Structures are given as C-alpha cells and as structure tokens.
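Asks: After the structure tokens below, expect a handful of questions from me.
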Amino acid sequence: MAENEYGRYTALVRELTEKRDTPSLACVHSYGCQQNVSDGEKIAGMLSVMGYGITNDINNADVIILNTCAVRENAELKVFGNIGDLKHLKEEKPDIIIGLCGCMAQQEHIVEKIKRSYKQVDIVFGTFAFKEFPKLLYTALTERKTVCDITEYKADIPEDISAVRGCKYKAGVPVMYGCNNFCTYCIVPYVRGRERSRRPENIIAEVKALVNDGCKEIMLLGQNVNSYGRGLDEDIDFSELLRRINHIDGDFRIRFMSPHPKDATPEFIDTIKECDKVCKHLHLPLQSGSDTVLKAMNRRYTVADYMKTVDYARSVMPDFSITTDIIVGFPNETYEDFLGTIDVMKRVRYDNIYSFIYSKRSGTKAAEIVDNTSEEDKGKWFRQLLEVQREISTEYYKRFIGKTMRVLFDGKGRRDGMMTGKSDEFIIVEAKGDESLIGQIKDVRITDSYNWAVHGEII
Ligand code: SAH
Ligand code: SF4
Ligand code: F3S
C-alpha cells in the first residue's frame, strides 16, 4: 500500500473513534513465537494511533485481533477454539470487530475455512498485508462486511510503526524477517516469505530508546538470526551487529533467537564470549540427532558439524548453557534415528529442550512423504525423550550450586513467598522475595537445584 494510503486510513479510523462518547478499546492476542508477539505489539501500536486504548480484557474490547501461529496443528486448533468461543460475544455485541492475522491467515485453505465456517470473523489479513490493516479496519467499521487481504506484497519492513509493548523490562527487537531455509517440515518460509534484514542503524536506534526507557533485556529476533545482513547495502553480519549493540551504554543484557546451526561459525561463538552484555546462552535447534533424518529435513548440517560447534563453544566457555528444539517422529523416522537424538542429548547435556511431535503442515515437502512410523511409537519415543532430558537437567543443574547467577525477576514462584526469574544462562531461578523484584536484575547465590529450576538467595 502506498504510504499516503496507510496514513489516510489511519486518520479515517481515528476520526471514527474520536466521535464516540466512550473510549474505544482493542485487544491483540498473539500466539506462537517471539516474532509474532513483536508483530502483535506493532498491531497494538497501529490501533493506539487510530485512537484505541489497549486492553487485555477480550470481553471489553471493541476490536479483537487474533495474531496467529501455524507452526504445528495444535497451534491452529487452539486458534479455531478461541474463534469458536468468540461467536457468543459477537452475538451479544454485534458491533465488535474480530480480526484474524499472522501466519495462519497467510494460508489459503485456512482463510477458506474461516469464510465458510466462522462468520463471526470480520477481518482477515496475512503477514504481508500488515500495513493494510487500517484500510481493512475502516472498511469493516463503515461497510459492515467481511474483508480479507492475503496478497503477497513486496516484502516491506514496517519501520515507521511504533509498538505498544507488553513489558517494560524485556523487549523483543526483530533484526530480520522471513526464512530462506525451507526445512522440509516447516511452514514458516511459506507464511513469512524470504529473508530480509533491518538496517543496523534502525535496530540500534530502537535498542537505545528501549534501554533509555529502562529496558533490562533485549531479545534480538529472527527465524535465522545469524544469517542477518544478507542483502543489505552495508557489509555486516550478525556477529558485527552483536558487537555494535553490545557497545550501547546502559545496564541491560542481550539475547537472540534463533540461530541456525549451519551458520554458527567459530567467529559467532567468539563474539558471544567477547561481548559482556550478551548472555552466555545459545539456543541451537538440533531437530534430530540422525544424519538420515537431518538430510530428509533439509537442515544442511550433520551431527558431526553440530557437535563441532558445541565442542568449540564449550572449549571457550566451559559453563556455557545450550538449549535446543527437537522434533520427534519425522516421517519414516526409525527407532535407531531416535536413539541418535538421545545420544546427542546426552553428549551435549542441554540445559533445556523444547520438543515437539512432528506435525504435518500442508504445502511443505514433508507433507508429501508416505509415513510408515506409527503415531503410537512417536508418542512413546516422545515420552522417553522427556524422561532423558529430565535426568540430564537434574544432574547438570547441580553445576550452578555455590555459584552466583544474574537474574532478571519476572514473576511469582510456585511456592508462597518465592519469586522467579531467568538467569543469563536462561535457567529459571527461584528466590525468596516479593513483587517489587519484578523487572530488576539481582545477583543470586545458588543453594539447590531441581529438574526445572535452581534455587538461591539474593545477595
Ligand atoms: N527458525 C527456528 C524455528 C522456528 S519454529 C529454527 O530454525 O530453529 C520453532 C520450532 O518448531 C522448530 O525449531 C521446530 O522444532 C518446531 N517445528 C517447526 N515445524 C514443525 C512441525 N511441522 N512439526 C513439529 N515441530 C515443528
Ligand atoms: Fe522453519 Fe527451518 Fe526456517 Fe527455522 S530455519 S523457520 S525450522 S524453515
Ligand atoms: Fe508460528 Fe509464524 Fe512464529 S508459524 S512460530 S508465529 S513465524
């Protein structure tokens, strides 16, 4: 959309909200990854400029936006369940506007299903039509008809939209959008388009503003953060970007999510070590510990390549924390393949894993494979994997006892009088305290470890 159209429709909606006797409210609910949460904050930013107050209370909102995720079937089922629940609200209050956007909305078969069976939805817009939102909202408000835009526009980075952020002390900052990797199981390249990087000066300006505003943790976001920089005029890679952000004055720490193992060079690991503000934690998605499965997944590394990176990281930072993503039950995975994954888990000793049973995504290459592995086996292996990781975490977390961890507190603990936060290593740390700790970084001396967290005392 031409810039002036975006501005014109934003102003038109604003005129409508200003005419109302009561303040207009909007609720944006984001599912899925941090990137999507970040998009949701920008949608809230647009709504705020259009005159809406932002609320978390769906029942009081005039505009409800569901910003969806398509990565696994479960994610989609959750959204369909939530849209189903909104039917009653729409019947009670026919004037509310319900919008669906994000990764699910970029898929034609989903949009067809919404149009057919979920008439309570007024607006559908895909990830490319981000800046069409004011126009769609204006049309829905004035013409009371269902509007939809899932066109693949030329990739546009929305630099001029300021976010309404959900948290003051932690912020996600996208550094690149899209993905070129086409792992055979994954829908992301189809719904998010090709890789495009933000200009470094825009990223740095955003981080500086956040830090000046008191933000304590910056999470740099991208589907493949360490391929940052390709296609920019300037010769810059992710390591250089990390160094420049590390240079920014202030008391804050830097994380990033997710690097791809194929791009995890020794220079990248050295940069993490050298930059004092960068957390000594690497989320390095393995997906599988079998070379056969990795090849079928199109991951472009072998187990040996992956282990080389891990061994190098541990040789320069012995306490370095590593977490991962694992898929169990890729089509035709065998028990031997699965045991390869268990073997890598034991060799790496992950601090934590995020594991998923393979979910068939229509439109991907893997969806075409005739799968002979039974769902029953997949479920059994999945439970075995969780059990192995529980043992690894229980044992490995003991290395922190007696040490001091820097913790950013973010919520109440499971037990009364306890608060929890995340350490630089991305470990959950529990300590005695009250809610005034939330948003503060404290040094905590570790005294005990469990399989899900460590416990300590604030120094
Ligand atoms: N870009 C990131 C991951 C994005 S999706 C990366 O490459 O690591 C987050 C995780 O969801 C993936 O790491 C993978 O483990 C999981 N995932 C993606 N597609 C999946 C599918 N079809 N079934 C099961 N898990 C999947
Ligand atoms: Fe999906 Fe692979 Fe891209 Fe990650 S790198 S988003 S898993 S295609
Ligand atoms: Fe989901 Fe889209 Fe993120 S599919 S994981 S919300 S990029």
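Asks: Quick check: anything in the stretch 188-203 away from ligand 2 (no atom under 16 Å from the Cβ), in contact with a Lys or Arg (Cβ under 8 Å, 6 or more places away or on another chain) and aliphatic (A, V, I, L, M)? If you could, list the steps in order and put the result at the bottom.
Replies: Taking the stretch 188-203 first, the residues away from ligand 2 (no atom under 16 Å from the Cβ) are 198-203.
From what's left, in contact with a Lys or Arg (Cβ under 8 Å, 6 or more places away or on another chain): 200.
Narrowing further to those that are aliphatic (A, V, I, L, M): none.
Looking through the stretch 188-203, none of the residues is away from ligand 2 (no atom under 16 Å from the Cβ), in contact with a Lys or Arg (Cβ under 8 Å, 6 or more places away or on another chain) and aliphatic (A, V, I, L, M).
Asks: I would also like to ask the following. Pick from Thr271, Thr341: which is among the hydroxyl-bearing types (Ser, Thr, Tyr), under 20 Å from Glu425 (Cα atoms) and in contact with a Ser or Thr (Cβ under 7 Å, 6 or more places away or on another chain)?
Replies: On the way: Thr341 fails: under 20 Å from Glu425 (Cα atoms).
It is Thr271.
Asks: OK, next. Pairs only if they're at least six apart or on different chains, beta carbon under 6 angstrom, first in the stretch 307-330 and more than 19 Å from Arg255 (Cβ to Cβ), second open to solvent by 10 Å² or more (accessible area, probe 1.4 Å) and among the aromatic types (Phe, Trp, Tyr); list them, first residue then second.
Replies: Ile327/Phe356; Ile327/Tyr358; Val328/Trp381; Val328/Phe382; Gly329/Tyr358; Phe330/Tyr358
Asks: While we're looking at this one, here's another question. Go through (1) farther than 27 Å from Val13 by Cβ; (2) away from ligand 2 (no atom under 16 Å from the Cβ); (3) touching a strand residue (DSSP E or B) at 6+ places or on another chain (Cβ under 9 Å) for Lys90 and report which single condition fails.
Replies: Exception for Lys90: condition (1).
Asks: Can you tell me which of (1) among the hydrophobic types (A, V, I, L, M, F, W, C); (2) within 16 Å of ligand 2 (Cβ to nearest atom); (3) open to solvent by 10 Å² or more (accessible area, probe 1.4 Å) is the one Ala366 doesn't meet?
Replies: (3)
Asks: All but one of (1) closer than 24 Å to Cys179 by Cβ; (2) touching a strand residue (DSSP E or B) at 6+ places or on another chain (Cβ under 6 Å) hold for Lys378, so report the exception by its number.
Replies: (1)
Asks: Within the stretch 191-198, can one find any residue that is within 16 Å of ligand 1 (Cβ to nearest atom), closer than 30 Å to Asn298 by Cβ and polar (S, T, N, Q)? Steps first, please.
Replies: Restricting attention to the stretch 191-198, the residues satisfying the condition of being within 16 Å of ligand 1 (Cβ to nearest atom) are 191-197.
Going one step further and asking which of them are closer than 30 Å to Asn298 by Cβ, we end up with 191-197.
Imposing the further condition that a residue be polar (S, T, N, Q) reduces the set to 197.
Among the residues of the stretch 191-198, at least one is within 16 Å of ligand 1 (Cβ to nearest atom), closer than 30 Å to Asn298 by Cβ and polar (S, T, N, Q), which makes the answer yes.
Asks: Provide a single number: the residues in the stretch 236-252 that are more than 11 Å from Pro200 (Cβ to Cβ) and either surrounded by fewer than 19 Cβ atoms within 10 Å (Cβ to Cβ) or of a type in the set (Phe, Trp, Tyr) (or both).
Replies: So the answer is 7.
Asks: Could you list, in sequence order, the residues of the stretch 108-133 that are within 16 Å of ligand 1 (Cβ to nearest atom) and under 23 Å from Met46 (Cβ atoms)? First the steps, then the outcome.
Replies: The initial filter retains those residues of the stretch 108-133 that are within 16 Å of ligand 1 (Cβ to nearest atom), namely 109-110, 127.
Across the stretch 108-133, the qualifying residues are Ile110, Thr127.
Asks: Next up: Do we have Ser315 as more than 16 Å from ligand 3 (Cβ to nearest atom), of a type in the set (S, T, N, Q) and open to solvent by less than 10 Å² (accessible area, probe 1.4 Å) here?
Replies: Values: more than 16 Å from ligand 3 (Cβ to nearest atom): yes; of a type in the set (S, T, N, Q): yes; open to solvent by less than 10 Å² (accessible area, probe 1.4 Å): no.
Answer is no for this residue.
Asks: Quick one: in the stretch 36-74, which of the residues that are within 16 Å of ligand 1 (Cβ to nearest atom) and among the β-branched types (Val, Ile, Thr) is surrounded by the most Cβ atoms within 10 Å (Cβ to Cβ)?
Replies: Thr68
Asks: Could you look through the stretch 284-308, keep only residues that are under 21 Å from Ile427 (Cβ atoms) and surrounded by fewer than 22 Cβ atoms within 10 Å (Cβ to Cβ), and pick out the one that is nearest to ligand 3 (Cβ to nearest atom)?
Replies: Quick first cut of the stretch 284-308, residues under 21 Å from Ile427 (Cβ atoms) only: 284-286.
Adding the requirement that they be surrounded by fewer than 22 Cβ atoms within 10 Å (Cβ to Cβ) leaves 284-285.
Numbers: Leu284: 17, Pro285: 12 Å.
Only one residue tops the list, namely Pro285.
Asks: On to the next question. Kindly indicate which of Leu137, Leu141 is assigned to a helix (DSSP H, G or I), open to solvent by less than 10 Å² (accessible area, probe 1.4 Å) and out of contact with any strand residue (DSSP E or B) (no Cβ under 6 Å at 6 or more places or on another chain). Give the steps one after another, and end with the answer.
Replies: Numbers: Leu141 fails: open to solvent by less than 10 Å² (accessible area, probe 1.4 Å).
Just one listed residue meets the conditions, Leu137.
Asks: I'm trying to understand the selection: among the residues of the stretch 345-381, which are within 14 Å of ligand 1 (Cβ to nearest atom) and of a type in the set (Val, Ile, Thr)?
Replies: Ile353, Ile357, Thr364, Ile369, Thr373
Asks: Tyr397: under 24 Å from Pro318 (Cβ atoms), without any contact (Cβ under 8 Å) to a residue 60 or more places away in the chain, part of a loop (DSSP other than H, G, I, E, B) and in contact with a Ser or Thr (Cβ under 6 Å, 6 or more places away or on another chain), yes or no? Give the steps one after another, and end with the answer.
Replies: Numbers: under 24 Å from Pro318 (Cβ atoms): yes; without any contact (Cβ under 8 Å) to a residue 60 or more places away in the chain: yes; part of a loop (DSSP other than H, G, I, E, B): no; in contact with a Ser or Thr (Cβ under 6 Å, 6 or more places away or on another chain): yes.
For Tyr397, the condition - under 24 Å from Pro318 (Cβ atoms), without any contact (Cβ under 8 Å) to a residue 60 or more places away in the chain, part of a loop (DSSP other than H, G, I, E, B) and in contact with a Ser or Thr (Cβ under 6 Å, 6 or more places away or on another chain) - is not met.
Asks: A further question on this structure: Among the residues of the stretch 75-91, count how many are touching a residue at least 12 places away in the same chain (Cβ under 8 Å) and within 18 Å of Ala105 (Cα to Cα).
Replies: Count: 9.
Asks: Restricting attention to the stretch 170-209, report how many residues are free of Cβ contacts under 8 Å to residues at least 40 places away in the same chain and either within 16 Å of ligand 3 (Cβ to nearest atom) or open to solvent by less than 50 Å² (accessible area, probe 1.4 Å) (or both).
Replies: Going through the stretch 170-209 one residue at a time, the tally reaches 5.
Asks: Something else now. Can you say whether Ile110 is within 23 Å of the chain's Cα centre (by Cα) and crowded, with 20+ Cβ neighbours inside 10 Å, as far as the supplied structure shows?
Replies: Values: within 23 Å of the chain's Cα centre (by Cα): yes; crowded, with 20+ Cβ neighbours inside 10 Å: yes.
Considered against the rule, which asks whether it is within 23 Å of the chain's Cα centre (by Cα) and crowded, with 20+ Cβ neighbours inside 10 Å, Ile110 comes out as yes.
Asks: Looking for whichever is under 30 Å from Glu108 (Cα atoms) and modelled with pLDDT of 95 or more here; the options are Glu375, Glu336, Glu387. Which one fits? Lay out the reasoning, then the answer.
Replies: Working: Glu336 fails: under 30 Å from Glu108 (Cα atoms); Glu387 fails: under 30 Å from Glu108 (Cα atoms).
So the residue among Glu375, Glu336, Glu387 that is under 30 Å from Glu108 (Cα atoms) and modelled with pLDDT of 95 or more is Glu375.
Asks: Within the stretch 113-130, is even one residue in a helix (DSSP H, G or I), more than 18 Å from Lys87 (Cβ to Cβ), in the same structural domain as Arg72 (by TED's automatic domain parsing) and among the charged types (D, E, K, R)?
Replies: If we filter the stretch 113-130 for residues that are in a helix (DSSP H, G or I), which is where we start, we get 113-117, 127-130.
In the following step, the residues that additionally are more than 18 Å from Lys87 (Cβ to Cβ) were identified as 127-130.
The next check asks that each one be in the same structural domain as Arg72 (by TED's automatic domain parsing); those that pass are 127-130.
If we keep only those that are among the charged types (D, E, K, R) as well, we get none.
No, every residue in the stretch 113-130 fails to be in a helix (DSSP H, G or I), more than 18 Å from Lys87 (Cβ to Cβ), in the same structural domain as Arg72 (by TED's automatic domain parsing) and among the charged types (D, E, K, R).
The values are calculated or read from the model by the stated rules, or taken from the named source; none is laboratory data. Here the structure is a predicted model, which means the values were calculated and not measured. As a convention, Cβ positions derive from the backbone with ideal geometry for all residues, glycine included, and neighbour counts pool all protein chains shown. For the accessible areas, the whole protein counts, side chains as well, though only heavy atoms, and no ligand, DNA or RNA atoms are used. Shrake-Rupley method; radii C 1.70, N 1.55, O 1.52, S 1.80 Å.
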